[in-house]
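Below: the structure, in structure tokens.
Readers should treat all values here as calculations from the given coordinates under stated rules, not as data from a laboratory. Since the model is a prediction, treat every value here as computed from it, not as a measurement. Cβ coordinates were reconstructed from backbone atoms using ideal geometry, including for glycine residues, and neighbour counts include every protein chain displayed.
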Amino acid sequence: MPTRNCRWGVSHGARRRRRRAQAGVIGLTDVLLGIAVAAIALPGVIAIVNQQTRETQDQVAALQLKAVGEATRAYVKDHFAALYAGIYSGGLGGDLLTIPELAGAGYLSANFATENPFKQKPVVLLRIVADNSSGCTTKTLVQKPDGINCKALLEAVVVTTGGAALDAAHASHIAVTAGANAGIVVDGGTARGSYGGWCVDLGLFGGATHSASCAPDARDSRSDALSAPAYAYAAPAAGGLSLGMFFNGGDLISEYLNRFNTGNLEDNTMHTAIIMNGNDITSAGQIEAKDVTLTDAGSVKASQGVYWFGLVSNGDTVAMPTCPGTSTGPSIGLAQSVGSDNDTGGTLAGYQAWATPNGTSSWTVGFRLRTESGWVYPNSTYGKLLAFTKCG
């Protein structure tokens, strides 16, 4: 019996050692599996962290650009007359604003960063422009525009210079975040709004090259911002950010139509045609237009619309409407409004009204009354017709 117990004890101890060895193997396997999973997941984690870092940098860059734009807007509004006069007279540095200048004047905080997370430095370029609107007879720059017929116009463009050049998609993403007036520097001669709402030729601000993609701007203007001795920054180049502002006598001209009355008529004024691309204009009140061209498509047709109506007399001339692209021609309708051959009236047996074409430009109206004395042509005081013209 003792010997038997001894053999049992040896066998039991061996089994315990085998279990401990197996447990050690299992534990090592778990560790190795954990390391493998971590190695697989680590690149994804790093990518997420990098993406979050990039998004933070983009947000900071956008907020900085927007803040500089708001500071510039306030500064220009408060100092418009002095800025305009300084640029007109060619004063050194008058067409340039820097972060330290805006901060020193109290429009930015004293510790406002002078560069964005991409080491790009914002600087504000200024330019005065002659008013070439139809109401202004003087199309050249003058020292003091009257502000009524001829406006004092000033453009301000914030550009970031130096630092890391951003690719166009990355820069556009930041610009969209910065707001409607923000954009990018396309090349050394071009700054453009993120949605193409504006395009500025940096050559007109004293830059070394002119834009090859902006529409030519032939207006008389003045700026040496980029070539001035006070300009101590790198030249604008592709990969930078921009923000454009356009002022009329200190009031910011919006690049977009405002939905509400801002008190500035310019904010609700179009300067080019609106192309609706087949879409409707609905719920309109009164529509005032100089000339109207209608087509046969839509709920208002040229064949149904009245171009003109009014009172006419015998011998009057009425202009014919033009009907381009409608497959219809001009027509006139006449209806009696007032009919008498004198101030006391008399027995009327009938009336006749007609219109005789004068080529393709007008009609001459005819009107006579049948009275006891026969046919008479009433004078314009007592004989009136209601005339209307249309196409079709």
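Numerical summary
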read-out: For D316, distant residues with modelled amide H under 5 Å away; value: V365
read-out: A215/K77 FRET efficiency (R0 35 Å; Cβ-Cβ; nearest 0.05); value: 0.80
read-out: Per-pair calculated FRET efficiency, R0 = 30 Å: Y195 and A230 via Cβ, rounded to 0.05; value: 0.40
read-out: Residue pairs, from the table K66/K119; K66/K139; K77/K144; K77/K119, whose Cα atoms sit over 26 Å apart; value: K66/K139; K77/K119
read-out: Theoretical FRET efficiency, 1/(1+(r/R0)^6), r = Cβ-Cβ of Y88 and E115, R0 45 Å, to 0.05; value: 0.90
read-out: Amide H partners (placed H, <5 Å) of A355, local residues excluded; value: G366
read-out: Prolate/oblate/rounded label for region 142-259 (Cα gyration tensor, a/c 1.5); value: oblate
read-out: Region 75-218: C-alpha gyration tensor shape, a/c 1.5 cut-off, then a/b vs b/c; value: oblate
read-out: Karplus-derived HN-Hα couplings along region 169-175 (A = 6.51, B = -1.76, C = 1.60, θ = phi - 60°), whole Hz, x at Gly and Pro; value: 5, 5, 4, 5, 4, 5, 4
read-out: Estimated distance in nm for a label pair at S133 and V60, the labels positioned 7 Å out from Cα along Cα-to-Cβ; value: 4.3
